[in-house]
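Engineer: Have a look at this one.
The values are calculated or read from the model by the stated rules, or taken from the named source; none is laboratory data. Everything numeric here is computed off the predicted structure, so don't read it as measured data. We place every Cβ from the backbone using ideal geometry, glycine too, and count neighbours over all the protein chains shown.
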Amino acid sequence: MSTTVIPHDLEPHPLTGMYNGKFGIWLFLASEIMLFGALFSTYVLLRVGAPPGQWPAHGSEILNVPLATLNTAVLISSSVTMVMSWAALKMKKFGSAQVWLTITFLCAGAFLVVKYFEYTDKFHHYQVWLNDPMPVGGHEVTTIKGHLTADSPKLECSEKTGAFNIPEYVIITPDGDHGSSGHGEAVRVEGSKIKRISNFGPRHSPYLATYFTMTGLHGLHIVGGMVVILYFMLVGGAIWKRSPEKYTNRIECTGLYWHFVDLVWIFLFPVLYLL
Amino acid sequence: MSGHHDHSHGHHDHGHDLPFWRKYIFSVDHKMIGCQYTVTALLFLFFGFTLMMIMRWQLAYPGQAIPFIGQYLSKDIAADGVLVGDGYNAFGAMHGTIMVFLAIVPLAVGGFGNYVLPLQVGAPDMAFPKLNMMSYWVYFCGGVTMLTSFFIKGGAAASGWTSYPPLSVFASSGQTVWLLGMVLLITSSLLGSVNFIVTTVQMRAKGLSFFRLPFFVWAQLVTSFLLLLAFPPLEAAGVLQLMDRLAGTSFFMPSGLVFSSEPQTHMSGGGSPLLWQHLFWFLAHPEVYVLILPAMGIVSEVIATNTRKPLWGYKSLVYSVIFLGFMSFIVWAHHMFMTGMGTTLSTFFQATTMVISVPSVIVLTCLILSLYGASIRYNTPMLFALAFLPMFAIGGLTGLPLGLTASDIHLHDTYYVIGHFHYVVAPGTIFAMFAGIYYWFPKVTGRKMSEFLGKLHFWPSFVFINVVFMPMFFQGMAGLLRRQYDQTEQLHGSIAHGLTKMSSYGAWLLALAQLPFIINFFYSMFKGRKVDANPWESTTLEWAAPSPPPHGNFDKTPVVYCGPYEYSVPGKSKDYCPQHVAMEA
């Protein structure tokens, strides 16, 4: 069996200055820009069109900015180590390239771990909307945000809608003034007074829906990148032995994708957390 | 086995070295993948058509049992053989989805593009053969996913092929399967379009500059850019609708929504149903050009060959098609004039819609002028290509009143709209696909299709397809609304009901008219007249390869010396100068 020789598989085409794979990955990234572009447009359209009060004034009211800053640093570092891996290959240092690649992989993993803690925190944080105002901590409020106590009955989901059924009652510890976990007294709210109850998951509000969808899709891109990097960590040696040039090119393409994924985060961070 | 022969390393033998499953199933050869796409897409085309034939029965004879097949349909679709409303809706939605995403695009781009484009640019294969195989199999999985939705509880998606929320968000789980299927189909198209663009730009043969590319390649290149850039927003929209359905978000659900007289207080609201329409049509308008551009490309090739003349205005054609591609991204909201998005936006999109009609008319004009003064060969591919011209003209020109906000008020959501886009896609694109199949069949199999059966296919098809769609214009102008399960309520015995029956009979007769094609296709594959590599005496590079082309395509890497349509060059012994043959002074 023989294989067909594809022109410009390795050597750049004089017109574009790129080998096929690099040109292909740029085109793929163009389509990715349209994908995330559509999501950013969705964000803009929904937020601009929303009545006052439906969206938080700043994302930082709900989200954890220090953790996200840490994640930004981790991801930018991983972009640097990715380039270092490619640079090492260009200098024919396969061993150090694989080390840099491994560090990139670990950074990506660290990013996801931080993201896991951020997500979990949201899923254990609740909001209760009330039919009529009631006094909590000396104020009349129409909604209470906080954590459900251990003796609060377990919430059940409606089979039809997937949303939480309104329980007989809940016992909730309201948050402090700046969104910190409250140390105030737990409040018992009867089910008859509850209009709606939700955790800070995607269904909570358009803002969190956007947050979870965009960061979720971005997270999937990270996972995809990690699979590719892991593949090259495992079988890179074999490809390098067969054709160093081919392996270098593949790492370059992986790097382009990886920088793009980082870049998406560079936009997501201010748009979702700071604005 | 006495003598040892060392001749089996010739190009022709590569294909035979592979085991069956590598050669015919998980093949990386662009030609085999093109054939896989073509066959799969033709099957889906037939299936989508069948759905419509059943719906046409309900329209012509509402409440009567469907003959022959009614008894075999499940109770959710047809009770006692009578198509039920939900079944009608599901069939309608799936007819649209299957025809657009599973039949015509895969046929035009996956089938013809895969087979012909690498040959026409003189490449041994696609730039990424494995990716090419993957895009076929992702498409196949998407198709299977769509089909399985007929068998799940609640039936297939029934919210129209446009899947407008909130309806689609409240719909049964068939809609979720539809969304998952769409994600697969979109992924397949993306992989394919990357492959097409890289192949066209990077792998052109020596001497094949951009302005020597056959028009078909240009059409495919622009189409690929449309697929590449327009599909991702629909993928995003699909993800958002999945979130609305599965995670309870409210991207498309407005505040204060009431469904089945129940206030939807469990959801946050704050979404926008119009947002879906914007994202959907941002894809689906370029999609219209994805459907029509490859058809224009095929028709151009067939016309150039069979008029024995260069295409009239080749550069105008190329510039028009590029401009069409660009403009197709900024006309989408002319599908949304009636949604109350505002007169300012409507006016903008009305203006761009009028602008985009200009390049379409230029393309059509160039193709018609190409016929002027030619001694035309009226073979089957040429008949289909010639029929394409007036049919596409009718389809295109009837679109103008829909693009003007004032006349759209009356025509929106009537049968006029259905007539309009089916004229573009059915006697337009599908006829061009038939032209392409008859035209390139000798290249794929080494045998010609029967001319007699071909003409027996063409003439009835041409007549009956007009019988199907022409009445819809009159019905639409009379105000008959589309997507109705039972039209008699609205028509109550008016003349327009007779036209409904006429359309239905047209559809069933059209199905009969496809029998000669099916017979011809299989008969000619094995028993057709054997022909040499260039039976139409054509100029473009695919005819320089042997028929059928072996793995790797060309015996010797072609070099291009001239433009794509050098027919009837004065002072030459032959009336055609192939691109790969150096012209003597």
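Engineer: Please work out if A:Thr213 is more than 14 Å from every other protein chain (Cβ to nearest Cβ) and either in a helix (DSSP H, G or I) or closer than 30 Å to B:Ser172 by Cβ (or both).
Structural biologist: For A:Thr213, the condition - more than 14 Å from every other protein chain (Cβ to nearest Cβ) and either in a helix (DSSP H, G or I) or closer than 30 Å to B:Ser172 by Cβ (or both) - is not met.
Engineer: Could you tell me whether any residue of segment A:163-180 is exposed (fewer than 12 other Cβ atoms within 10 Å of the Cβ) and either closer than 30 Å to A:Arg250 by Cβ or within 14 Å of chain B (Cβ to nearest Cβ) (or both)?
Structural biologist: Among the residues of segment A:163-180, not one is exposed (fewer than 12 other Cβ atoms within 10 Å of the Cβ) and either closer than 30 Å to A:Arg250 by Cβ or within 14 Å of chain B (Cβ to nearest Cβ) (or both), which makes the answer no.
Engineer: Further, regarding this structure: Just to be sure I understand, how many residues within segment A:31-62 are farther than 30 Å from B:Ile186 by Cβ and away from chain B (no Cβ under 11 Å)?
Structural biologist: Residues that pass the stated criteria total 7.
Engineer: Could you say whether any residue in segment A:198-221 is in contact with a His (Cβ under 8 Å, 6 or more places away or on another chain) and surrounded by fewer than 16 Cβ atoms within 10 Å (Cβ to Cβ)?
Structural biologist: Looking through segment A:198-221, none of the residues is in contact with a His (Cβ under 8 Å, 6 or more places away or on another chain) and surrounded by fewer than 16 Cβ atoms within 10 Å (Cβ to Cβ).
Engineer: Just checking, does segment B:100-107 include any residue being in a helix (DSSP H, G or I), more than 14 Å from chain A (Cβ to nearest Cβ), closer than 18 Å to B:Ile54 by Cβ and not aliphatic (A, V, I, L, M)?
Structural biologist: no
Engineer: What number goes with the only condition from (1) more than 8 Å from every other protein chain (Cβ to nearest Cβ); (2) under 18 Å from B:Tyr164 (Cα atoms); (3) free of Cβ contacts under 8 Å to residues at least 24 places away in the same chain that B:Met243 does not pass?
Structural biologist: Of (1) more than 8 Å from every other protein chain (Cβ to nearest Cβ); (2) under 18 Å from B:Tyr164 (Cα atoms); (3) free of Cβ contacts under 8 Å to residues at least 24 places away in the same chain, only one is false for B:Met243: (1).
Engineer: So, one more: Restricting to segment B:121-132, name every residue that is in contact with a helix residue (DSSP H, G or I) (Cβ under 6 Å, 6 or more places away or on another chain) and either in a helix (DSSP H, G or I) or more than 13 Å from every other protein chain (Cβ to nearest Cβ) (or both).
Structural biologist: Answer for segment B:121-132, where residues must be in contact with a helix residue (DSSP H, G or I) (Cβ under 6 Å, 6 or more places away or on another chain) and either in a helix (DSSP H, G or I) or more than 13 Å from every other protein chain (Cβ to nearest Cβ) (or both): B:Leu131, B:Asn132.
Engineer: With polar (S, T, N, Q), at pLDDT below 95 and surrounded by fewer than 20 Cβ atoms within 10 Å (Cβ to Cβ) as the only criterion, which of B:Gln64, B:Gln58 stands out?
Structural biologist: B:Gln64
Engineer: For B:Phe554, are the conditions met, namely being more than 30 Å from B:Ser209 (Cβ to Cβ) and among the hydrophobic types (A, V, I, L, M, F, W, C)?
Structural biologist: In short, no.
Engineer: Given the structure, is B:Ile186 without any contact (Cβ under 8 Å) to a residue 40 or more places away in the chain and within 30 Å of A:Pro7 (Cα to Cα)?
Structural biologist: no
Engineer: If you don't mind, another one. So how many residues does segment B:349-374 have that are in contact with a helix residue (DSSP H, G or I) (Cβ under 8 Å, 6 or more places away or on another chain) and farther than 20 Å from B:Leu291 by Cα?
Structural biologist: Going through segment B:349-374 one residue at a time, the tally reaches 6.
Engineer: Would a scan of segment B:16-30 turn up a residue that is modelled with pLDDT of 85 or more, in a helix (DSSP H, G or I) and buried (at least 17 other Cβ atoms within 10 Å of the Cβ)?
Structural biologist: Yes: segment B:16-30 contains one or more residues that are modelled with pLDDT of 85 or more, in a helix (DSSP H, G or I) and buried (at least 17 other Cβ atoms within 10 Å of the Cβ).
Engineer: Among B:Leu234, B:Leu291, which is the only one that is away from chain A (no Cβ under 14 Å) and of a type in the set (A, V, I, L, M)?
Structural biologist: B:Leu291
Engineer: Quick check on this structure: which one of B:Gly248, B:Gly270 is at pLDDT below 95, farther than 23 Å from B:Gly110 by Cα, in contact with a helix residue (DSSP H, G or I) (Cβ under 7 Å, 6 or more places away or on another chain) and facing chain A (nearest Cβ under 10 Å)?
Structural biologist: None of the other options fit; the residue is B:Gly270.
Engineer: In addition: Condition first: more than 22 Å from B:Ser360 (Cα to Cα), surrounded by fewer than 18 Cβ atoms within 10 Å (Cβ to Cβ) and of a type in the set (Ser, Thr, Tyr). Now tell me which residues in segment B:370-414 satisfy that.
Structural biologist: B:Ser375, B:Tyr378
Engineer: For segment A:16-30, what are the residues that are facing chain B (nearest Cβ under 7 Å), hydrophobic (A, V, I, L, M, F, W, C) and more than 22 Å from the chain's Cα centre (by Cα)?
Structural biologist: Matches in segment A:16-30: A:Phe23, A:Leu27.
Engineer: While we're looking at this one, here's another question. Determine whether B:Phe216 is within 11 Å of another protein chain (Cβ to nearest Cβ) and touching an Asp or Glu at 6+ places or on another chain (Cβ under 9 Å).
Structural biologist: For B:Phe216, the condition - within 11 Å of another protein chain (Cβ to nearest Cβ) and touching an Asp or Glu at 6+ places or on another chain (Cβ under 9 Å) - is not met.
Engineer: Looking at B:Ser255, B:Ser316, which one is surrounded by fewer than 20 Cβ atoms within 10 Å (Cβ to Cβ) and not in a loop (DSSP other than H, G, I, E, B)?
Structural biologist: The match here is B:Ser316.
Engineer: Do the conditions hold for B:Gly63, that is, is it touching a residue at least 40 places away in the same chain (Cβ under 8 Å), in a loop (DSSP other than H, G, I, E, B), away from chain A (no Cβ under 14 Å) and within 25 Å of B:Gln487 (Cβ to Cβ)?
Structural biologist: yes
Engineer: Still on this structure, please answer the following. Counting only residues that are surrounded by fewer than 24 Cβ atoms within 10 Å (Cβ to Cβ), among the aliphatic types (A, V, I, L, M) and more than 10 Å from chain A (Cβ to nearest Cβ), how many does segment B:182-212 have?
Structural biologist: Qualifying residue count, segment B:182-212: 2.
Engineer: Inspect segment A:56-69 for any residue being touching an Asp or Glu at 6+ places or on another chain (Cβ under 8 Å), at pLDDT below 95 and of a type in the set (S, T, N, Q) and give the result as yes or no.
Structural biologist: Yes, that holds for at least one residue.
Engineer: Something else now. Could you check B:His285 against (1) part of a helix (DSSP H, G or I); (2) more than 8 Å from chain A (Cβ to nearest Cβ); (3) at pLDDT 95 or above and say which number it fails?
Structural biologist: The single condition B:His285 does not satisfy is (3).
Engineer: Which of the residues that make up segment B:76-118 are surrounded by 24 or more Cβ atoms within 10 Å (Cβ to Cβ) and hydroxyl-bearing (Ser, Thr, Tyr)?
Structural biologist: B:Thr97, B:Tyr115
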